[in-house]
Each structure stands twice: as structure tokens, then as C-alpha cells.
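The values are calculated or read from the model by the stated rules, or taken from the named source; none is laboratory data. On a predicted model such as this, the values are computed, not experimentally measured, just so you know. Using ideal geometry, Cβ is built from the backbone for each residue, glycine included, and neighbour counts are taken over all protein chains shown.
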């Protein structure tokens with residue numbers, strides 16, 4: 001059985017905090033739908049947005065539109081369907 005998205009998110013958050021000393025914020029934008037799940041604030045002022053999905057799932061259209069906006073502004077954004085890929089996305093920024 002594939003783990004729930006909540007488990008994937010918790011495992012990712014715990015590991016990134018432990019290994020990188022990051023602050024990982026549950027990201028919500030009250031004015032817009034489709035915001036990525038997590039905002040990872042890393043030492044040195046680096047920022048990564050992560051949209052976590054359950055294994056095999058993909059982002060909704062509203063999420064893709066929001067992510068495209070963030071990318072056009074120069075932010076690092078990743079959509080991942082497992083905690084290890086999300087972790088590696090953050091590690092590459094550190």
C-alpha cells in the first residue's frame with residue numbers, strides 16, 4: 001500500500017529539519033488556490049517551494065498555474081510524489 005500524502009509530508013519535514021537546520025512552513029495562500037504544500041527556509045536565505053503528492057499522483061491545474069507563477073518569479077519549486085525526491089530537491093539547493 002502506498003503511503004498517504006500526510007506521511008510523505010511528515011517524513012520529508014522531519015528529515016529536512018534534522019539534516020539542514022531548515023524551517024519548514026506549511027504554506028497557504030488565502031487569496032489563491034493551488035499553493036505548494038511546503039515552504040522550506042534554508043540557512044543563507046535560500047528558499048524552496050515543495051508540492052508533495054502521494055506516490056503516482058500529479059499536481060492539479062490550479063497547482064500548476066500557481067507553480068508556473070512562482071517559477072516565473074525565479075523561485076525554486078518542485079513537485080514530488082515521495083519524500084526522498086523532495087529531500088534531494090532541497091539538498092541540491094543547500
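Among the numbered conditions (1) over 21 Å from residue 22 (Cα atoms); (2) surrounded by 13 or more Cβ atoms within 10 Å (Cβ to Cβ); (3) modelled with pLDDT of 95 or more, the only one that residue 61 does not meet is (2).
Annotation: residue 54 fulfils all but one of (1) in a loop (DSSP other than H, G, I, E, B); (2) surrounded by fewer than 20 Cβ atoms within 10 Å (Cβ to Cβ); (3) touching a strand residue (DSSP E or B) at 6+ places or on another chain (Cβ under 9 Å); the unmet one is (3). If we scan the range 18-29, do we find a residue that is over 11 Å from the mean Cα position of the chain (by Cα) and modelled with pLDDT under 95? Within the range 18-29 (the criterion being over 11 Å from the mean Cα position of the chain (by Cα) and modelled with pLDDT under 95), the answer is yes, since at least one residue qualifies. Does residue 59 satisfy the criteria of being under 23 Å from residue 2 (Cβ atoms), assigned to a helix (DSSP H, G or I) and in contact with a strand residue (DSSP E or B) (Cβ under 7 Å, 6 or more places away or on another chain)? Answer is no for this residue. Close Cβ contacts (under 9 Å, 6 or more residues apart or on different chains) running from residues in the range 10-25 that are free of Cβ contacts under 8 Å to residues at least 24 places away in the same chain and on the phi > 0 side of the Ramachandran plot to residues that are in a loop (DSSP other than H, G, I, E, B) and surrounded by fewer than 18 Cβ atoms within 10 Å (Cβ to Cβ) comprise 21/43.
Consider the range 1-17. How many of its residues are at pLDDT 95 or above and closer than 19 Å to residue 47 by Cβ? So the count comes out to 5.
Filtering the range 35-46 to residues that are modelled with pLDDT of 95 or more, assigned to a loop (DSSP other than H, G, I, E, B) and either surrounded by 14 or more Cβ atoms within 10 Å (Cβ to Cβ) or under 9 Å from the mean Cα position of the chain (by Cα) (or both) leaves 35, 36. Do we have residue 49 as crowded, with 16+ Cβ neighbours inside 10 Å, in a strand (DSSP E or B), touching a strand residue (DSSP E or B) at 6+ places or on another chain (Cβ under 8 Å) and at pLDDT 95 or above here? Considered against the rule, which asks whether it is crowded, with 16+ Cβ neighbours inside 10 Å, in a strand (DSSP E or B), touching a strand residue (DSSP E or B) at 6+ places or on another chain (Cβ under 8 Å) and at pLDDT 95 or above, residue 49 comes out as yes. If I ask for residues that are part of a loop (DSSP other than H, G, I, E, B) and either touching a helix residue (DSSP H, G or I) at 6+ places or on another chain (Cβ under 6 Å) or over 23 Å from residue 61 (Cα atoms) (or both), which ones from the range 4-31 would you list? Within the range 4-31, 21, 22 meet the criteria.
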